[in-house]
1. Residues of segment 45-59 being assigned to a helix (DSSP H, G or I) and either open to solvent by 90 Å² or more (accessible area, probe 1.4 Å) or in contact with a Leu (Cβ under 7 Å, 6 or more places away or on another chain) (or both), which ones?
2. Out of the residues in segment 1-44 meeting the condition of being modelled with pLDDT of 95 or more and not in a helix (DSSP H, G or I), tell me which one is least open to solvent (accessible area, probe 1.4 Å).
Amino acid sequence: MSPKELLYIEDALGHAQHMEKKCHQCATQIQDEELKVVVERLANKHKMIFNQFYQLLNQ
């Protein structure tokens, strides 16, 4: 892999982690339970994306 490709991968993993963290932070501040569940699901989705991408790189 080229250095540019590695930077892209690092960026993609960082974005997934950042979005998971931000969704969790937002969810703690939301009063509406239905909306809170939706945001928590988004956080879990970003965590899943990170894990899948990371596992793909480890193959």
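1. K45, K47, F50, Q52, F53, Y54, Q55, L56
2. Looking at the filtered set, the residue picked out is I30.
The values are calculated or read from the model by the stated rules, or taken from the named source; none is laboratory data. Predicted model, so just to flag it, every value in this text is computed and none were measured. Positions of Cβ are generated from backbone atoms using ideal geometry, with glycine treated the same way; all protein chains shown enter the neighbour counts. Calculation scope for accessible area: heavy atoms of the full protein, side chains included, ligands and nucleic acids excluded. Shrake-Rupley method; radii C 1.70, N 1.55, O 1.52, S 1.80 Å.
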